[in-house]
Amino acid sequence: MQNVIEIENLVAKYGEKVILDGINVNIPKGKITIVLGGSGSGKTTFLRSIIGLLEPAEGTVKMLGKIVNQLDEKEQEEVLKQIGVLFQNGALLNSISISENVSVPLEKHTNLPKEIIDKIVESKLSLVSLSHALKLLPSELSGGMKKRAALARAIALDPQILFCDEPSAGLDPITSVNLDELILKLKDQLKISILIITHELASIHRIADEIIFLSKGKLIFQGTLEEAKNSGIEEVVEFFKIGEF
Amino acid sequence: MLKISQNENRIDFEGELSFSEVKQAYDTLQKIIKITNQDLIFDLEKISKIDSSGVAFLDIAREKLKSKNLELKIFNTSQDIQEVIQTFSAGKVALNLQVKKDGFLESIGDSFYGFIQNLENLLYLISDIFFWSIVGIFNRKGARKDSFIQQAVLIGVNSVPILGLISLLIGLILALQSAEQLRQFGANIYVADLIAVSMTREMGPLITAIILSGRSGSAIASEVATMVVTEELDALKTMGINPVRYVYVPKIHAITIVMPLLAILSIVIGIAGGFLIGYFYLDLSFNAYLKETLSVLYLKDFVTGILKSIAFAWIIVISGCFYGSIVRGGAEGVGKATTASVVASIFMVILADSLFSLIFYF
């Protein structure tokens, strides 16, 4: 099995505080990997370290065969072109419309004519059922719509890896199911490898291929959903037991 | 009511261990802890109710005994009481949470280290902004479409009414203050000289800078801070877009063009304000006032005024971007960043003005 991300001995710190302590993990290609863990376990820091927003204190993050923190600006840009990130609150640029938000990476990283860019934007927004919201500003959208628009932006360049920070948090069940179906479609149709931080058990059951469980900054489990449930690791088993309904 | 009875190292509690009773229990505990040299046993069989204060009391008793290498044993707790204790007991977590207070020297060291770090970040930001500002003139790829015009309107055009009004008032005030003195010597006409020189050299650029610090500087700081808080800048980075180039540079370009124009506007309106006083209060004609104004102004005054206004413009944008970018926390942090940015930019503008006066006129 090929890996899109290979992490070796990752240590991440904020000041003197160690958040991630020696993480070794590989993220497989073409699968949906779910990152789990309690509050403060280091999930978001884990994500930020991978996508280059936080410099590792020690260790390496190899993404698509390249060590992210050792690349020059140009090389880093090449890697970033191949990833998409869906932030927890969408992180849409508030001063421009939804369609302009989606076109930002396309304009930055391609030389496509405006007509084609517009068509791609249209198709990405239609994929997330936001065709009617092209000209709206982020402030005119609901929370769920913002997330979907942000997802459209994240997949604007058909990335090889998609990172999602709590994609279904705060969404109603129907929107959440639709979002999961879209994520599955992206995996199957575009062969995107997806790394998701989520606590939503129903969503995990629907989409997870692989589970990574963090606890107090350490990796305590990696495997499939079934393996997680039967792992015998108290914290992991407890997580799935409490959430069952 | 709480009844406490002691039999050697065994203490029986009867009644409620709640907010109204815990003080009594605590006072008793203090006395016992002082003299005891053996483990204590708390019997809670007759406790009918316990709340978070009661649990805190038990935690404190445990900690105090532990500091004397003794142990607290709690007996006969009902299921209900056990559940409350489990909910509220800080236990080991509380012990770990104790933060060592920094000493005086450590605090000074930390503050100095923080200052150096901020200074380093500021210098990086300044070099980044100027580098990308120059690159951005020749290469528009990666820049925001129409952002220059947008920013020029936001910073410049929208500031015209307030700037015009304040400049007019400043011109009026300066003329009024000086007119009374000059009239005593029959030197009415010199009001025009005074207003022209002070508005062109100092007041025009300075008033413009102060108004823009309050108006546009705060808007820049809060915009950048909000973008940090809502992860918009992070999103740009993950898309391979340089936030300095995309967000900050259009502001620098716009303000560099717009600020001198605003300063000229302020100078003209200020001089016009002075003329109003000269005309209505000192009986000066328009021609005489204009002639006197033009005779006293040199190109150097005008050029230094414009140069100063450009420097002030950069101070305002850099201060807004810097304080916005180091924001911590949510909405409260945005407010603090905005305030800090305005205070710092006004201070820096006045400091820079003093330096310019020294350089150009002494």
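The values are calculated or read from the model by the stated rules, or taken from the named source; none is laboratory data. The structure displayed is predicted, hence computed values, not measured ones. Virtual Cβ from ideal backbone geometry, glycine too; neighbours counted across all protein chains shown. Note: areas computed on protein heavy atoms with side chains; ligands, DNA, RNA excluded. Shrake-Rupley method; radii C 1.70, N 1.55, O 1.52, S 1.80 Å.
Treat every Asp and Glu Cβ in segment B:171-330 as -1 and every Lys and Arg Cβ as +1, leave all other atoms uncharged, and give the resulting dipole magnitude about the Cα centre to the nearest 20 debye.
Dipole magnitude for segment B:171-330 comes out near 260 debye.
Considering only DSSP beta bridges whose two residues both sit in the protein assembly as shown, what percent are antiparallel, to the nearest 5?
Antiparallel bridges: around 50 percent, rounded to the nearest 5.
Quote to one decimal, in nm, the extra length available between B:SER20 and B:MET1 on full extension: 0.36 nm per residue of separation minus the C-alpha distance between them.
Roughly 6.0 nm would be gained on extension.
Helix-only mean residue ellipticity at 222 nm, chain B, DSSP H runs n ≥ 4 weighted -39,500 (n - 2.57), per residue, nearest 500. What is it?
It lands at -23500 deg cm²/dmol.
Given the peptides B:28-36, B:249-257, arrange them by the average over their residues of other C-beta atoms within 10 Å, most packed first.
B:249-257, B:28-36
Taking the Cα centre of each part, how many Å lie between segment A:75-145 and segment B:1-53?
64 Å
Rounded, prolate or oblate for the protein assembly as shown? Axes are the square roots of the Cα gyration tensor eigenvalues, ordered a ≥ b ≥ c, and the cut-off for rounded is a/c under 1.5.
oblate
By per-residue mean of other Cβ atoms within 10 Å, what is the highest-first order of B:107-114, B:231-238?
B:231-238, B:107-114
Give me the angle, in degrees from 0 to 90, between the Cα long axis of helix B:22-35 and the longest principal axis of the Cα atoms of chain B, rounded to the nearest 10.
That helix lies at roughly 70 degrees to the long axis.
Just checking the output field for A:80-89: average partner chain Cβ neighbours within 10 Å of each residue's Cβ?
3
Roughly how big is chain A's charge dipole about its Cα centre, with Cβ charges of +1 (Lys, Arg) and -1 (Asp, Glu), in debye to the nearest 20?
My answer is approximately 340 debye.
Order of A:146-153, A:170-177 by packing, highest average Cβ count within 10 Å first?
Answer by packing, highest mean first, reads A:146-153, A:170-177.
Counting only other chains, and only Cβ atoms inside 10 Å, what mean value do you get across the residues of A:69-77?
That works out to 1 on average.
What total accessible surface area, summed over both chains, is buried at the interface between chains B and A, computed with a 1.4 Å probe and given in Å² to the nearest 100?
1800 Å²
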